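Comments concern the structure below.
The values are calculated or read from the model by the stated rules, or taken from the named source; none is laboratory data. Just so it is clear, the structure is predicted and the values come from calculations on it, not from any experiment. Positions of Cβ are generated from backbone atoms using ideal geometry, with glycine treated the same way; all protein chains shown enter the neighbour counts.
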Amino acid sequence: MPNCASSLLGAMELFGNEYPRDRDTRDQLLEDFFDKYGDEENPMDVYEVAIAEELEEESGGFEVAANNYANQG
């Protein structure tokens, strides 16, 4: 599911060069974004829609792709 992975990477890059593993740090970065640009704009919206669509469509959908991966013995 390379398209899904690409969209996920794009969303992760919104947090900087090194993805913060700590959730509180990510929450603070998003809060800083909203303080700067307002609540009207959410940088994650574009990626959320793209990832949801790709999970449904790419490689036959997530369930088919996961089963294919699991069956590769």
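Observations on the model:
- Subset of the stretch 46-68 [hydroxyl-bearing (Ser, Thr, Tyr) and modelled with pLDDT of 90 or more]: Tyr47
- Condition check for Pro43: out of contact with any strand residue (DSSP E or B) (no Cβ under 8 Å at 6 or more places or on another chain) and at pLDDT below 90: yes
- Test: residue in the stretch 51-63 that is touching a Pro at 6+ places or on another chain (Cβ under 7 Å) and assigned to a helix (DSSP H, G or I): no
- Per this entry, Pro20 is not counted among residues that are in contact (Cβ under 8 Å) with a residue 24 or more places away in the chain and either surrounded by 11 or more Cβ atoms within 10 Å (Cβ to Cβ) or not in a helix (DSSP H, G or I) (or both).
- Residue check, Tyr47 loosely packed, with under 11 Cβ neighbours inside 10 Å and either more than 17 Å from the chain's Cα centre (by Cα) or assigned to a helix (DSSP H, G or I) (or both): no
- Cβ-Cβ under 9 Å pairs, at least 6 apart or on other chains, the stretch 40-61 side touching a residue at least 24 places away in the same chain (Cβ under 8 Å), far side surrounded by fewer than 12 Cβ atoms within 10 Å (Cβ to Cβ): Pro43/Tyr37; Glu58/Pro2; Ser59/Pro2; Ser59/Asn68
- Every residue from the stretch 23-44 that is assigned to a helix (DSSP H, G or I) and either surrounded by fewer than 11 Cβ atoms within 10 Å (Cβ to Cβ) or under 15 Å from the mean Cα position of the chain (by Cα) (or both): Arg23, Asp24, Arg26, Asp27, Leu30, Glu31, Asp32, Asp35, Lys36
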